[in-house]
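What follows is a short report on a single structure.
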Amino acid sequence: MRTFVFMLVFLPLFCTLFAQEHQSKPSVTAPNYAINKFNIQSPKGIAASDGTYEDFILVRWEPSENGTLYKVFRSNTPKANSLQEVSNAWQKSTWVCDYSALPNVDYYYTVVATDGKQTSAVSTFDKGFLKKRQDIAIDERELLAEAEVYGDGKQIFLLISDITLSQTTTTAGSPLSFMIDLQNIFDQPTLKTDLRFYLSSDAILDWDDKLLHTRSLSSVPANVNFSLSETVTLPKDLLVGQYHLIVVSSSEGAIISSKTIQTSLNITEK
């Protein structure tokens, strides 16, 4: 139900924003990738509960040596062909309860760690499942439909780990240069990824934000991190005040699972 509500509310917004055309069609580029040495170690000791609880699956892990924040993913197959986020936000604790797990479904959980700048590779996987309820009849067709919504369908994507402006104060109509740090933490290549750059007055992506530029990346190899250099031209009619540069990264065909990052920018008088 939550996924349906998200799609109902935000999918029209994303589709409308992404339909905006830039003055020239974006070209697909292949950056020079640097092999990710993963200075942040993957969490170890991943343990998902096996039929212990009826309402959730408890996932625990050991703290990463250099990581301070964690994010949990799951898959419906041991091959982990696609991953779904269990924790939407980075967290400090080394455990999470997956209340969206469905009865009679095996899940395979993995955890990544970050220090705020770099992200580790995915950890090893561990299987978990809910305690079987003997007193509840389950409609198999309904179960399969819900499993399709909550499990598969989430594609491997790029994480945006950081954005750095060349200058945080500038004037309307000026060029703005910045660096974006991207990471593919998965052990499979990503699909083509579209990057979109918006200027917002309130740090929230909405109908009023201005699309500044679009860039498309070809398939990104597994387990790499790299940086992109970009320059956009700010609108000439901006009023003096604080604005926000929002970067949206979306894998081809996966608009509703787009990843975003934003940073502040001050516009002053010329």
The answer for VAL224, listing residues at least 5 apart or on another chain whose modeled amide H is closer than 5 Å to its amide H, is ASN36, ASN184
Based on alpha-carbon centroids, what's the gap between the range 49-111 and the range 171-235 in Å, whole number please? 28 Å
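Quick note: the coordinates plus some simple rules give every number you see, no bench work behind them. From a predicted model like this one, the values you see are computed outputs, not experimental measurements.
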